[in-house]
Amino acid sequence: MAQDLVDGLLIKARSHLPPPSEPLGKLSKRDRKGVAVIKLKNPPVNSLSLEVLTEFVISLEKLENDKTFRGVIVTSDCPGIFSAGLDLTEMCGKSQAHYAEFWRAVQELWLRLYLSNLVLIAAINGVSPAGGCLISLTCDYRVLADNPKYNIGLNETLLGVVAPSWFKDTLVNTVGHRTAERALQLGLLFPPAEALRVGMVDQVVPEDQVHSTALSVMAQWLAVPDHARQLTKSLMRKPTADRLVKQRDADIQYFLQFVSRDSIQKSLRMYLDKLRQKKG
Ligand SMILES: CC/C=C\C/C=C\C/C=C\C=C\CC(=O)SCCNC(=O)CCNC(=O)[C@H](O)C(C)(C)COP(=O)(O)OP(=O)(O)OC[C@H]1O[C@@H](n2cnc3c(N)ncnc32)[C@H](O)[C@@H]1OP(=O)(O)O
């Protein structure tokens, strides 16, 4: 059975955790075949808070260091939402020190995912804007559920902010320069068929087949000897990652200046208010 391949690892935000005696991320070692599942669970929308980013990095590090694991399926535990992207409340009305800590955590997660030695397959079972899309773009392969609500893309410009150069590079490396330029400037969120057409995802399948498809794809990738695949991945990705590694502090300073501007704070607040008012 395909499911027998899978081990479970759940990332949760502390505020939604059961008693503190339980560890934040649960890593069970029952699996024998070396595939783990990281399920993002930060209801209601799997926003990437500082805590979730940090926990994600720790979980990945554990998996990287545990040689029984060779692949990870990244998916969501929140129905209909893969991830709403970076937690906007982390970028509004906080201190400079907080912004710096938050942005370093965003950088760290991107670097860990993008350069991971593990095979990463995104099983995208929900809408996936901005940072949510970025997570999937760092994976080696993307399977998207065929639901017209499950848009995916880097929509930063629609919030009045700018996708940083390494977000942009990740998209360019996936869909090519022209598609990326248009998608980034317009802040396009692609429905499944369009996402497949432009190469933002590799496969679109019925919703109930996302997980099994991700497992089949994983088996195909794991059939390749690790050392050859890992070196090839590094050849393809390291130049892009190195551009950030060489200027991480400058990138943080740039983010601080940008996000602290009154005009940017105003845009982010207005966007959050719009989201909150949607209900009422
Ligand atoms: C070198 C660097 C230099 C320069 C670069 C500078 C800056 C870069 C800056 C930013 C980069 C940002 C990347 C991002 O990821 S920004 C996040 C973008 N995300 C979005 O646009 C998605 C917004 N959310 C939605 O569209 C919807 O919520 C949804 C489709 C995901 C889900 O819709 P639902 O109807 O199911 O749920 P809602 O009622 O809308 O939301 C429930 C609840 O959650 C709050 N919320 C939603 N998204 C976020 C978020 N991203 N962060 C924080 N909170 C979020 C929403 O407000 C509701 O809250 P309340 O229950 O009303 O309190």
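Data overview
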item: Single condition VAL224 does not satisfy, out of (1) more than 16 Å from the ligand (Cβ to nearest atom); (2) open to solvent by 20 Å² or more (accessible area, probe 1.4 Å); (3) part of a helix (DSSP H, G or I); result: (3)
item: Top-ranked residue in the range 143-196 [being part of a helix (DSSP H, G or I) and of a type in the set (Phe, Trp, Tyr); ranked as farthest from the chain's Cα centre (by Cα)]; result: TRP166
item: Residue in the range 230-237 that is away from the ligand (no atom under 12 Å from the Cβ), among the basic types (Lys, Arg) and farther than 21 Å from LEU158 by Cβ present; result: yes
item: The range 238-271, residues that are open to solvent by 30 Å² or more (accessible area, probe 1.4 Å) and within 14 Å of ASP169 (Cα to Cα); result: LYS238, PRO239, ASP242, ARG243, VAL245
item: Set THR75, THR68: member being farther than 26 Å from LYS149 by Cβ, in contact with a Lys or Arg (Cβ under 9 Å, 6 or more places away or on another chain) and not basic (Lys, Arg); result: THR68
item: Leading residue by the ranking (nearest to the ligand (Cβ to nearest atom)) among those in the range 113-171 that are among the basic types (Lys, Arg) and open to solvent by 20 Å² or more (accessible area, probe 1.4 Å); result: LYS149
item: Any hit, the range 80-87, residues being in contact (Cβ under 8 Å) with a residue 60 or more places away in the chain, surrounded by fewer than 20 Cβ atoms within 10 Å (Cβ to Cβ) and not in a strand (DSSP E or B); result: no
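The values are calculated or read from the model by the stated rules, or taken from the named source; none is laboratory data. Please read all numbers here as calculations on a predicted model, not as lab measurements. Quick reminder, even Gly has a Cβ in these numbers, built from the backbone with ideal geometry, and neighbours come from all protein chains shown. Side chains included, ligands, DNA and RNA excluded: accessible areas come from the protein's heavy atoms. Shrake-Rupley method; radii C 1.70, N 1.55, O 1.52, S 1.80 Å.
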